[in-house]
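What follows is a set of notes on a single structure, which appears directly below.
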Amino acid sequence: MISRGVKWLLMSIAIVGFIILSGTVVLAYLSVQKTPLVTTYAPTQLDGADTVNELLSQLQQAFEKRKEGHQVTLTQTQVESLVGVLQRAIPDFKGIVNITPLAGTISVTYNIRQSSYYINASVLVLPDSSLRIEQVQLGDLKVSGGFLLSLIERAVNFYTDSQIVSLALSRIERVSMREGEITLELGPLDAFISEFDYVASQLSDDEVTELELLTGYYLRYISGRHIALSHEPVSLIEYLREGMARAREQSDTPEQAAFHNKAVILALAAYVGHHRVGNLVGDIQPDALKALKPRTGAVLHERNDLTRHFIISAALELLAEQGMSLAIGEFKELMDRGEGGSGYSFVDLLADMSGTEFAKVATNPNYASEVQNTMARIQSELEIIPPIDGLKEGLSKQAFTLQYGKVDSEAYMKEVAAIKERIRQLPLYSKP
């Protein structure tokens, strides 16, 4: 016979389970709506991408001079541009920002699996001597912003066994607004950054992953080849040949080939692209204080920048959500239209898209071994990246707008379609 205590425990569990289930159902019902709150279109928001450089410069200064106070000003255009790139990568997501002298609102909509149902949310922020979130609305459910912020603060602090959120909020000493602009007065970030580093180290997984080990192995292997010591620029295909030939020796199955190819791409992205890419994989550098790099940069079409576009886009394709790498590449080109930038480049975009396609085919178990064989005997860059002749680059914002308007215009889409067709013509990327 079941004791009275056990019966009481089972009854309690059942009641709590019912309450949680009921609450979840009610929350889901209140959250989902049949009308989207936001219908804004990403190409319109991306018009201001070139203004984001100024924001990044402010943030960089705040982190570099962490013992000083700073003012960081965000314009509505800058924030919407960042929302726009997210929407470009995730078409079912839409967002809009509105900043007035009295308040700022952020509204987002997510279309559930392209159905007629939407999750709508909005946040109302008011000017104050601290971060004041007045209200958060999720569908028909309205919650006090102060209560929710306090709940998040306590939960995250408890989970991380730190004061990370409390420190972050305390650094915001004033929030002021005017039409289309919000200014944050920040206190010194030194204590917050130290706490953040501590939390990151505590939460990091001490167990070294297989991908981390393998990427580190290929990084050391490639950096030890003779081409790494060349005084002249070396084509990226030489590095791919070395890495993929070694990967072929280590792969016994299609799945292993795909995994080894992934590690080679990530190792090259950290080696000839940018060493910080390696941080996304883990601790892959033999010396954390001195990242491995070749004596001279790797090139594609005799250009170092195209190698970086190609291999970093390939890495992002493997590490980010599908479609994000192309959205980031396109956004970077739109940022470059601004004053002081290199201008919009369809050549760079071609390199981004080629790298993305290379990552897809190289890590597909159906083709991974074939890619290894192709790379081991590759003779021409044109096997991995199409010719760049006839593609426009160096376009200022004015020139881009005059010729193409927005990134959804017929003229712009025609250029992108032509680039995709060039890439599809390469046998390596014409897989079914």
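The values are calculated or read from the model by the stated rules, or taken from the named source; none is laboratory data. This is a predicted model, so every value here is computed, not measured. Because the Cβ atoms are built from the backbone with ideal geometry, glycine has one as well, and the counts that use them run over all protein chains shown.
Which one is surrounded by the most Cβ atoms within 10 Å (Cβ to Cβ) among residues in region 380-399 that are among the polar types (S, T, N, Q) and in contact (Cβ under 8 Å) with a residue 12 or more places away in the chain?
The qualifying residue surrounded by the most Cβ atoms within 10 Å (Cβ to Cβ) is Ser396.
Against the conditions (1) touching a Pro at 6+ places or on another chain (Cβ under 8 Å); (2) crowded, with 16+ Cβ neighbours inside 10 Å, where does Val52 fall short? Just the number, please.
In the conditions (1) touching a Pro at 6+ places or on another chain (Cβ under 8 Å); (2) crowded, with 16+ Cβ neighbours inside 10 Å, Val52 misses (1) alone.
Given Ala263, Ala257, which one is within 17 Å of Thr356 (Cα to Cα) and either aliphatic (A, V, I, L, M) or in contact (Cβ under 8 Å) with a residue 40 or more places away in the chain (or both)?
The conditions single out Ala263.
Mind checking which residues of region 161-189 are among the hydroxyl-bearing types (Ser, Thr, Tyr), within 28 Å of Thr77 (Cβ to Cβ) and free of Cβ contacts under 8 Å to residues at least 60 places away in the same chain?
Selection gives Ser176 alone.
For the list (1) in a strand (DSSP E or B); (2) closer than 27 Å to Glu185 by Cβ; (3) aliphatic (A, V, I, L, M), I need the number of the one condition that Leu102 fails.
It is condition (1) that Leu102 fails.
Look at region 417-432 and say how many of its residues are in a helix (DSSP H, G or I) and small (Gly, Ala, Ser).
Number of matching residues: 2.
Kindly establish whether Leu229 is hydrophobic (A, V, I, L, M, F, W, C), surrounded by 17 or more Cβ atoms within 10 Å (Cβ to Cβ) and either in contact (Cβ under 8 Å) with a residue 24 or more places away in the chain or in the same structural domain as Gly104 (by TED's automatic domain parsing) (or both).
In short, no.
Filter region 44-91 down to the residues that are assigned to a helix (DSSP H, G or I) and without any contact (Cβ under 8 Å) to a residue 12 or more places away in the chain, then identify the one that is nearest to the chain's Cα centre (by Cα).
Leu56
Can you name every one of the helices (runs of 4 or more DSSP H) wholly within region 200-287 that holds 3 or more residues which are of a type in the set (S, T, N, Q)?
none
Search region 400-419 for residues that are farther than 19 Å from Ala351 by Cβ and free of Cβ contacts under 8 Å to residues at least 60 places away in the same chain and pair each with any residue that is hydrophobic (A, V, I, L, M, F, W, C) and surrounded by 13 or more Cβ atoms within 10 Å (Cβ to Cβ) when their beta-carbon atoms are under 8 Å apart and the residues are at least 6 apart or on different chains.
Matching pairs, first to second residue: Gln403/Leu395.
Being of a type in the set (Asp, Glu) and either in contact with a Gly (Cβ under 8 Å, 6 or more places away or on another chain) or closer than 21 Å to Ala320 by Cα (or both) is the filter here; which residues of region 46-91 pass it?
Those that are of a type in the set (Asp, Glu) and either in contact with a Gly (Cβ under 8 Å, 6 or more places away or on another chain) or closer than 21 Å to Ala320 by Cα (or both): Asp50, Glu80.
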